[in-house]
Each structure stands twice: as structure tokens, then as C-alpha cells.
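First up is the structure itself, then whatever we jot down about it.
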Amino acid sequence: MLLGGCASAPPSPAPLIISSSCPLMTPCRLPATDPTTNGSLMADIERVEAAWGQCAARVDSIIECQERDREKAAATARLPAR
């Protein structure tokens, strides 16, 4: 008895390999603070806000890169097979 799953089938298409050119996500590091006066507290707040801004910009750029990679992969998947 020959089962349907045992019949020969056409070869599977070659896998689509997609490499990401995006940088790796790394944790945000905030500067340590130890304010002793109101002036140093204000300076620390400004440094921490700047660090958060840099981190947010880095995260946004990685997300944009990943979205571009996904769009490229989707466009490649829509191309007709050769």
C-alpha cells in the first residue's frame, strides 16, 4: 500500500535568507548622580534628560532600520520566483 505522504514531491524552494544590517539593541545607561546642592541637582537632571534623549534617539533609529528591513523582506517575498 502506498500512502499519499510517501509519494515524491517537487523540491522545496530555497529558503530566503535575510540579514539585518541594523545595530544591536543595547541597554540605556544613565549617569550616576549624587547631588548635594540645588545647582548640582539641576545639572544632574539636565544630564539625565540628555542621556534619555540619546537613548530614545538610538532606539528610534534601530526601530526605523528594522522597519526598512521588514519592508525589503516583504518586497522580496512578493517577487515572482525564477
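What follows is calculated from the coordinates using simple rules that are stated; it is not laboratory data. Source: prediction; values computed, not measured. Don't worry about glycine lacking a Cβ; one is built from the backbone with ideal geometry, like all the others, and counts go over all protein chains shown.
What nm value, rounded to one decimal, do you get for the distance between Ala50 and Cys65 when each label is placed 7 Å out toward the C-beta? The answer from the label model is 2.4 nm. Placing pseudo-labels 7 Å out from each Cα toward the beta carbon at Ser12 and Thr37 gives an inter-label distance of 6.9 nm.
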